[in-house]
Amino acid sequence: MSNAPEVHAFFDDATNTVSYVVVDPGTGRAAAIDSVLDYDPAAGRTGRASADRLIAFVRERGLRVEWLLETHVHADHLTAAPYLQAQLGGRTAIGARIQEVQETFGRLFNFEPEFQRDGRQFDHLFVDNETFLVGQIAARALHTPGHTPACMTYVIGDAAFVGDTLFMPDYGTARCDFPGGDAATLFHSIRRIYALPADTRLFMCHDYGAPGRSDFRWETTVAAERAGNVHLNDRTSEEDFVRLRKARDAALAMPRLILPSVQVNMRTGHMPPPEANGVSYLKIPIDAL
């Protein structure tokens, strides 16, 4: 039985997001990770072109999707999980500490009283070190907070999907200034990823093109990150990392899609309930972030 899943990447140019279809070649069963729903913030319109590319691939290959995994509540794109589930099946899943994110942002957006802040919008909530299967390939969910309280890394065979925790070695690490984020916590989460076997394939959720290169990359290894990540490598102390991360975060603007993304993604990608006129509305809290 192979421990090496096939990994197929789908890069979304509008958000620099990489979605994945992870396949057990022996059974044709698969997981889709961090899907993208197109969103035009100026018009308030959604689109499905990014998700449709992924769906077409799954259907052309005759794959059976078992899981629709989210590494965290994304602040830079909307998830297409409900659309994928309607087209392909599979169970939606995220880390169990989504409840903390829902509590924090449920207050910020003053969600309707009926909104439950216990993660029930997802089919499954992973706890730390929980094991599962993609086809016949063993998988494990690692809780790797710091960017957000609920971040998970999914280790599927010899591949790990790290969400926003890490970027390519020449780009560094995730920001930690969102509510519930913490640089020292991120340091220890990354060290936990670095404790995986050196040849573990690591797959990023984003790439923005680092200084000195014009292409986009999203696959590396534990060994490469430990040797050369520009923010946190084997020579970096916790104190130095926290100092660097806090200084960088203080200079960063908020992500362009953070307000629509968070309110939709903490609902598993569903829009807020329609109002009396049948239209759903997203909120913009003024002077609150």
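The values are calculated or read from the model by the stated rules, or taken from the named source; none is laboratory data. Note that the structure is predicted; figures quoted are calculated from it, not measured. Backbone-built Cβ (ideal geometry, glycine too); neighbour counts: all protein chains shown.
Pick out the one residue from Ala150, Ala159, Ala184 that is closer than 19 Å to Ala30 by Cα, in contact (Cβ under 8 Å) with a residue 24 or more places away in the chain and either crowded, with 24+ Cβ neighbours inside 10 Å or of a type in the set (Gly, Ala, Ser) (or both).
The match here is Ala159.
Need the failing condition index for Ala43 against (1) loosely packed, with under 15 Cβ neighbours inside 10 Å; (2) touching a strand residue (DSSP E or B) at 6+ places or on another chain (Cβ under 8 Å), just the number.
Going through the list (1) loosely packed, with under 15 Cβ neighbours inside 10 Å; (2) touching a strand residue (DSSP E or B) at 6+ places or on another chain (Cβ under 8 Å), Ala43 breaks only (2).
Starting from residues that are β-branched (Val, Ile, Thr) and in contact with a Lys or Arg (Cβ under 9 Å, 6 or more places away or on another chain), keep the ones in segment 207-231 and report whichever is nearest to Ala14 (Cα to Cα).
Across segment 207-231, the extreme among qualifying residues is Thr220.
Kindly indicate the residue of segment 245-271 that is over 17 Å from Arg120 (Cβ atoms) and among the β-branched types (Val, Ile, Thr) and also nearest to the chain's Cα centre (by Cα) among those meeting that condition.
Val262
Name the residue that is farthest from Phe132 (Cα to Cα), counting only residues in segment 1-57 that are among the charged types (D, E, K, R) and in contact (Cβ under 8 Å) with a residue 60 or more places away in the chain.
Asp12
Which pairs turn up if I take residues in segment 104-123 that are within 17 Å of Ala150 (Cβ to Cβ) and without any contact (Cβ under 8 Å) to a residue 60 or more places away in the chain and look for partners that are aliphatic (A, V, I, L, M) and part of a loop (DSSP other than H, G, I, E, B) with beta carbon separation below 8 Å, at least 6 apart in sequence or on another chain?
Gly119/Ala96
If you go through segment 246-268, how many residues are of a type in the set (Gly, Ala, Ser) and surrounded by 16 or more Cβ atoms within 10 Å (Cβ to Cβ)?
1
From the list Gly212, Gly269, exactly one residue is closer than 29 Å to Ala42 by Cβ and not in a helix (DSSP H, G or I). Which is it?
Only one candidate passes the filter, namely Gly269.
Does any residue of segment 219-227 turn out to be within 20 Å of the chain's Cα centre (by Cα), part of a loop (DSSP other than H, G, I, E, B), within 20 Å of Ile33 (Cα to Cα) and touching a residue at least 12 places away in the same chain (Cβ under 8 Å)?
Scanning segment 219-227 turns up no residue that is within 20 Å of the chain's Cα centre (by Cα), part of a loop (DSSP other than H, G, I, E, B), within 20 Å of Ile33 (Cα to Cα) and touching a residue at least 12 places away in the same chain (Cβ under 8 Å).
Please specify each residue of segment 1-45 satisfying the condition of being polar (S, T, N, Q), more than 19 Å from the chain's Cα centre (by Cα) and either at pLDDT below 95 or farther than 18 Å from Leu88 by Cβ (or both).
Ser2, Asn3
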